[in-house]
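Before any comments, here is the structure.
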Amino acid sequence: MQAFSMRCDGMTWAQIGAALHYDASTVYKDLHRVMESPPSVSIYPRIADYMQKSCNGSVSVFAEKIHVSAYRLRRGLIY
């Protein structure tokens, strides 16, 4: 969730990686892998809460902030 939040704040993959002590490509791949994997029950309330507070509850706005397609994000959140 921290990487999502950092990305929404406008940080680049390299900046996120440096802050979390990971390679930028690892952060990018992990974030996208999480969106494509079956959901963890504990992560959805946190993502939903963030979207409600920071994106007016809009998946499209959240997707735009983290620079992924809304379709891909919705698909990841549904499974």
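Just so it is clear, none of the values below were taken in a lab; they were calculated from the coordinates. Given the structure is predicted, the values throughout are model-derived calculations rather than measurements. Don't worry about glycine lacking a Cβ; one is built from the backbone with ideal geometry, like all the others, and counts go over all protein chains shown.
Using 0.36 nm per residue, how much length does the chain from HIS67 to VAL34 gain when fully extended, once their Cα-Cα distance is taken away? Each step should come with its number before you reach the end.
Details: separation 33, 0.36 × 33 = 11.88 nm, distance 1.46 nm.
Full extension of this stretch gives 10.4 nm more.
Between ALA18 and GLN52, what is the spin-label point distance in nm, taking each point 7 Å from the Cα along the Cα→C-beta axis?
3.6 nm
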